[in-house]
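What follows is a short report on a single structure.
Every read-out reported here was derived from the displayed coordinates using simple, explicitly stated rules and does not represent laboratory data. Quick caveat: nothing in here was measured; it's all calculated off a predicted structure. Note that each Cβ is placed from the backbone with ideal geometry, even for glycine, and that neighbours are counted across all protein chains shown.
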Amino acid sequence: MTGKDLRGRRVLTVVTNYGVEQDELVVPVERLRGGGAQVDVAAVSDEPVRTLVGDKDPGREVDPTTTLDRTDTAAYDLLLVPGGALNADRLRMEPAAVEAVRAFAGSGRPVAAICHGPWALVEADVLRGKTLTSYPSLRTDIGNAGGHWVDSPVVSDGTDGWALVTSRRPDDLDDFLREVEAALAG
């Protein structure tokens, strides 16, 4: 359970319908909802989101609350981009997801991404001058996109007028969610 009162705050989580890392979706959604935030899961389609554990073993199914193409990003306070290599690779090819990243960054609202999730930020071209972390295999992509990659459980960067919270892997979720809650609480 969270220590922050997040009532009245709205979080948009963007995913594909297959391959999101289970704990990187389920744990943040449950914890933020437990703190009072309204959390919507926007997927590519209305079909259940089939999560994976460790990018290979079947995980829980999660029902999306909306789809990417029906989502008004202006209605949300924070964008959450979970990882999972398959999810993240497909998500960065979804125009609505990439546009959501641009909309949040461009309007100064926080973005939180974990593991492979920063691939969507690379695709959105919003990382110039930002310091962040991710799953280590994204280091070169982040550098090529103008970001500075560091190996840390969580990184919060508020440069360029918007907050970016990033983390490396499911083991870092406690640190990640502490910073996500702080960014969301304002």
Among V26, W149, A182, whose Cα lies farthest out toward the positive end of the dipole of the chain, if unit charges sit on the beta carbon of Lys, Arg (+1) and Asp, Glu (-1)?
-> A182
In whole angstrom, and with the biggest value first, how far do the Cα coordinates of segment 39-96 range along each principal axis?
-> 35, 21, 19
Which of T159, T131 comes first, and how do the rest follow, when ranked by fewest Cβ neighbours within 10 Å?
-> T159, T131
For segment 13-86, what proportion of DSSP beta bridges, expressed in % and rounded to the nearest 5, is antiparallel?
-> 35 percent
Most exposed first by the Cβ proxy, i.e. fewest other Cβ within 10 Å, how do H148, H116 rank?
-> H148, H116
So for the pair D55, R178, with labels modelled 7 Å out along Cα→Cβ, what separation do we get in nm?
-> 2.8 nm
Residue-wise HN-Hα coupling along segment 158-167, computed from phi with Karplus coefficients 6.51, -1.76, 1.60 (Hz; x: Gly, Pro) | x, 5, 6, x, 8, 8, 10, 10, 10, 8
Of all trypsin sites (Lys or Arg not before Pro) in segment 100-186, which ones are in loop regions per DSSP and have a Cβ with at most 15 other Cβ atoms within 10 Å?
-> R128
Only bridges with both residues in the chain count here: give the DSSP antiparallel percent, nearest 5.
-> 30 percent
Run the dipole for the chain about the Cα centre, Lys and Arg Cβ at +1, Asp and Glu Cβ at -1, nothing else charged, and hand back the magnitude in debye, nearest 20.
-> 340 debye
Based only on the alpha carbon positions, what is the Kirkwood hydrodynamic radius of the chain, in angstrom?
-> 15.7 Å
Under 13 Å from the Cβ of G54, count the other residues' Cβ atoms, weight Lys and Arg +1, Asp and Glu -1, and hand me the total.
-> -4
Trypsin sites (Lys or Arg not before Pro) within segment 3-74, DSSP loop, no more than 15 other Cβ atoms inside 10 Å = R7, K56
Added length on full extension, which subtracts the Cα-Cα distance from 0.36 nm per residue, M93 to D46 = 15.1 nm
